[in-house]
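The values are calculated or read from the model by the stated rules, or taken from the named source; none is laboratory data. No experiment lies behind these values; they were computed from the predicted model shown. Cβ: placed from backbone, ideal geometry, glycine included. Neighbour counts: every protein chain shown. Just the protein is used for accessible areas: all its heavy atoms, side chains included, with ligands, DNA and RNA removed. Shrake-Rupley method; radii C 1.70, N 1.55, O 1.52, S 1.80 Å.
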Amino acid sequence: ETLRDPDGQPLVAGGVDLANASGVVGHHLTEQSIAPLVDELARVLAPQGLALLDVGPTLRPEALARAMARQRFFPAGRFRSWLLDPTGQVLFQRPR
């Protein structure tokens with residue numbers, strides 16, 4: 001699926017500096033089903049662009065890291081949205 005702007009136009013390749021998905025990725029996707037999203041992130045994120053993706057019961061941090069590594073993203077940190085957040089998010093950076 002192609003990521004689109006509010007007007008419905010496809011996002012420009014390399015035109016996004018930051019992508020954030022919270023509450024969906026780690027709770028509804030698997031290492032296999034996330035592949036199209038990872039491919040699209042690789043297309044739209046600018047060099048050194050960031051993707052902040054949640055982890056959870058269906059997609060653990062290790063599996064997410066493996067999926068992102070297939071497109072050469074590397075982990076740049078792990079964060080929690082609040083003190084008692086049981087899963088958190090992983091920040092990935094696109095290579096130059």
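Provide the packing ranking of 32-45, 7-20, 51-64, i.e. peptides ordered by the mean count of other C-beta atoms within 10 Å per residue, highest first.
Ranked by mean Cβ neighbours within 10 Å, highest first: 51-64, 32-45, 7-20.
For region 29-78, with every protein chain kept in place, what is the accessible area per residue (1.4 Å probe, Å²)?
That works out to 48 Å² per residue.
Can you give the charge dipole size of region 4-64 about its Cα centre, rounded to the nearest 20 debye, using +1 on the beta carbon of Lys and Arg and -1 on the beta carbon of Asp and Glu?
Using Cβ point charges on Lys, Arg, Asp and Glu, region 4-64 gives about 60 debye.
Go through the chain and name the chymotrypsin sites (Phe, Trp or Tyr not before Pro) that are in a DSSP coil and have 15 or fewer other Cβ atoms within 10 Å of their Cβ.
Trp82
Specify which residue in the list Leu18, Phe79, Ala69 is farthest towards the positive end of the charge dipole of the chain, using unit charges on the beta carbon of Lys, Arg (+1) and Asp, Glu (-1), about the Cα centre.
Ala69
Carbon-plus-sulfur fraction of the accessible area of the chain, 1.4 Å probe, in percent?
Looking at the chain in its full context, I get 56 percent from C and S.
Treating the Cα atoms of the chain as identical point scatterers in vacuum, please give the log10 of the normalised Debye intensity I(q)/I(0) at q = 0.13, 0.18 Å⁻¹, two decimals.
Debye intensities relative to I(0), on a log10 scale: -0.41, -0.78.
Assuming R0 = 35 Å, what is the FRET efficiency of Glu62 and Asp7, from their Cβ-Cβ distance, to the nearest 0.05?
Efficiency, from the Cβ-Cβ distance: 0.40.
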